[in-house]
Amino acid sequence: MSAAVHDYQAAVIYLHGRGAHFVLCQGKKPIWGKWQRRRPSVDLCLVHGPQLGLIPFSIGTSALDIDYGEIGELVEAAPPLITLPTQRGYHTYYKDNKPRGNEKFTLFGCHGEVRSAKGYLRLYDGGAAKLADALQRPPAASTAFPADLFEAAEVRVPHTLPVEAPRRFNVLNPADLPPLETVLEGSRNNALFDHLRFWAYAQDKGRHPDEWHARVRRLALQYNAVFPDPLPVREVEATAYSIATWTWAGGGLIDHSPVAQHRRGVKSGKVRRARTTKRDAGIFADRAAGMTQRQIADRRGVSQQTVSYVLRRHFTNEPNQCGGEGRGGNDLFCSE
């Protein structure tokens, strides 16, 4: 008898002794129609061979059947007892004392279903031995089923994720941020922005900007779901795009306090005014030389609307010398 066969048989005996309700399978389908009511004996399981399924709750676990997506962020947020690879994805088992139904979920880009008391999972090659070993080995940390991920049939972000949310634009340390679930209308955009940026700063951005943007957008939507009153999806996507592009380009922490924003606004205004001063002086000189607004626009490479705005802004408080009353102006601004 090979070591693999011995390990498989020992694992089946151990799991069955713990109360495991196995399902005799042919491929992925059960060979018994009423598999939930018929628990095969350990001898029958051993004779049947390695094509066994398992009702997770029968051994005090619930599991996520993940058919699509990378599971890195999921298992980091909610560490499982054991993760078993399948033909298309993964099965992640968690300790659980509550029977659960089959619920679909989407979380961290992963898609699948919950399997607990009303469903079974196929044990692929080596799965029974790995599961038996995990049940006998003391876990390094909590491996409880992440029940706070779920609300009815919907999935929520687990509270063990970064749950920072600002009330003002003065948060420079993520430790100062209160939980997202406490943020009400009026502070949600700020909360989402700071929540997401502090998470994004420390992440490996990968090699493709589109994949990074999709990852940030996905987490932004999950954060938004935690708010008592979520933001419109369009606002969430705009925030995610802004943070994704900024951090992809190497942008880091910025002071968003009112004082800092005012300081940056003053500096930006000075730069803009310096850029337009020379242009405006040329427009005034052309107008004084008798050129029409259209001629000035063609010469300066700007729109006629810009020329009109510059002249109006400069001469709006001058005495009206065009023979009319009302809005001020002088002969440089009179109509052609």
Residue, farthest from the chain's Cα centre (by Cα), within the stretch 76-97, restricted to residues that are crowded, with 17+ Cβ neighbours inside 10 Å and β-branched (Val, Ile, Thr):
Ile82
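When you scan the stretch 1-119 for helices (runs of 4 or more DSSP H) that lie fully inside it, which ones turn up with 2 or more residues that are closer than 14 Å to Ala132 by Cα and hydroxyl-bearing (Ser, Thr, Tyr)?
Details: elements: 3-17, 42-48, 72-77.
Helices (runs of 4 or more DSSP H) meeting the threshold: 3-17.
Is it true that His262 is part of a helix (DSSP H, G or I), modelled with pLDDT under 75, of a type outside the set (A, V, I, L, M) and within 18 Å of Asn190 (Cα to Cα)?
Values: part of a helix (DSSP H, G or I): yes; modelled with pLDDT under 75: yes; of a type outside the set (A, V, I, L, M): yes; within 18 Å of Asn190 (Cα to Cα): yes.
Taking the combined requirement at face value, the residue satisfies it.
If you go through the stretch 55-75 one residue at a time, do you hit one that is in contact with a Pro (Cβ under 7 Å, 6 or more places away or on another chain) and of a type outside the set (S, T, N, Q)? I'd like the intermediate steps shown before the answer.
Initial filter on the stretch 55-75 (in contact with a Pro (Cβ under 7 Å, 6 or more places away or on another chain)): 57, 62-63.
When the remaining residues are screened for being of a type outside the set (S, T, N, Q), the result is 57, 63.
Within the stretch 55-75 (the criterion being in contact with a Pro (Cβ under 7 Å, 6 or more places away or on another chain) and of a type outside the set (S, T, N, Q)), the answer is yes, since at least one residue qualifies.
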List the pairs whose first member sits in the stretch 13-40 and is under 17 Å from Gly127 (Cα atoms), whose second member is open to solvent by 90 Å² or more (accessible area, probe 1.4 Å) and in a loop (DSSP other than H, G, I, E, B), and whose Cβ atoms are under 7 Å apart, counting only residues at least 6 apart or on separate chains?
His21/Arg39
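Looking at the stretch 215-228 only, could you name the residues that are assigned to a helix (DSSP H, G or I), open to solvent by 20 Å² or more (accessible area, probe 1.4 Å) and touching a residue at least 24 places away in the same chain (Cβ under 8 Å)? Don't jump to the end; show me each part of the working.
The initial filter retains those residues of the stretch 215-228 that are assigned to a helix (DSSP H, G or I), namely 215-224.
Among the residues that remain, those that are also open to solvent by 20 Å² or more (accessible area, probe 1.4 Å) are: 215, 217-218, 221-222.
Once the filter is applied, which keeps residues that are assigned to a helix (DSSP H, G or I), open to solvent by 20 Å² or more (accessible area, probe 1.4 Å) and touching a residue at least 24 places away in the same chain (Cβ under 8 Å), the stretch 215-228 yields Arg215, Arg217, Arg218, Gln222.
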For the subset of the stretch 317-331 comprising residues that are open to solvent by 40 Å² or more (accessible area, probe 1.4 Å) and within 21 Å of Thr277 (Cα to Cα), which member is modelled with the lowest pLDDT?
Asn317
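Of all the residues that make up the stretch 269-312, how many are outside any helix (DSSP H, G or I), surrounded by 13 or more Cβ atoms within 10 Å (Cβ to Cβ) and free of Cβ contacts under 8 Å to residues at least 40 places away in the same chain? First the steps, then the outcome.
Here is the first cut: in the stretch 269-312, the residues outside any helix (DSSP H, G or I) are 289-292, 301-303.
This time we only want the ones that are surrounded by 13 or more Cβ atoms within 10 Å (Cβ to Cβ), so: 291-292, 302.
Restricting the remaining residues to those that are free of Cβ contacts under 8 Å to residues at least 40 places away in the same chain gives 291, 302.
Number satisfying all stated conditions: 2.
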Between a first residue in the stretch 196-209 that is without any contact (Cβ under 8 Å) to a residue 24 or more places away in the chain and a second residue that is assigned to a helix (DSSP H, G or I), which pairs have beta carbons less than 7 Å apart while being 6 or more apart in sequence or on different chains?
Gly206/Trp212
For Ala128, which of the numbered conditions (1) open to solvent by less than 30 Å² (accessible area, probe 1.4 Å); (2) within 25 Å of Tyr223 (Cα to Cα); (3) at pLDDT 80 or above fails to hold?
(2)
One residue is enough: does the stretch 186-193 have a residue meeting the conditions surrounded by 16 or more Cβ atoms within 10 Å (Cβ to Cβ), at pLDDT 60 or above and of a type in the set (Ser, Thr, Tyr)?
yes
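Conditions (1) at pLDDT below 75; (2) of a type in the set (Lys, Arg); (3) under 16 Å from the mean Cα position of the chain (by Cα), marked per residue:
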{"position": "Val155", "(1), (2), (3)": "yes, no, yes"}
{"position": "Pro174", "(1), (2), (3)": "yes, no, no"}
{"position": "Pro178", "(1), (2), (3)": "yes, no, no"}
{"position": "Leu184", "(1), (2), (3)": "no, no, no"}
{"position": "Ala200", "(1), (2), (3)": "no, no, yes"}
{"position": "Gln203", "(1), (2), (3)": "no, no, yes"}
{"position": "Pro232", "(1), (2), (3)": "no, no, yes"}
{"position": "Ser257", "(1), (2), (3)": "yes, no, no"}
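Determine whether Arg197 is open to solvent by 60 Å² or more (accessible area, probe 1.4 Å), in a helix (DSSP H, G or I) and on the phi < 0 side of the Ramachandran plot. Walk me through it before giving the result.
Numbers: open to solvent by 60 Å² or more (accessible area, probe 1.4 Å): no; in a helix (DSSP H, G or I): yes; on the phi < 0 side of the Ramachandran plot: yes.
Considered against the rule, which asks whether it is open to solvent by 60 Å² or more (accessible area, probe 1.4 Å), in a helix (DSSP H, G or I) and on the phi < 0 side of the Ramachandran plot, Arg197 comes out as no.
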Scan the stretch 112-125 residue by residue and report those that are surrounded by fewer than 19 Cβ atoms within 10 Å (Cβ to Cβ) and within 17 Å of Gln87 (Cβ to Cβ).
Glu113, Tyr124, Asp125
Members of the stretch 16-61 found to be touching a helix residue (DSSP H, G or I) at 6+ places or on another chain (Cβ under 9 Å), surrounded by fewer than 16 Cβ atoms within 10 Å (Cβ to Cβ) and polar (S, T, N, Q), listed by number
Ser41
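The values are calculated or read from the model by the stated rules, or taken from the named source; none is laboratory data. What you see is a predicted model; the values in this text were computed from it and never measured. Backbone-built Cβ (ideal geometry, glycine too); neighbour counts: all protein chains shown. For accessibility, only protein heavy atoms count, side chains too; no ligands or nucleic acids. Shrake-Rupley method; radii C 1.70, N 1.55, O 1.52, S 1.80 Å.
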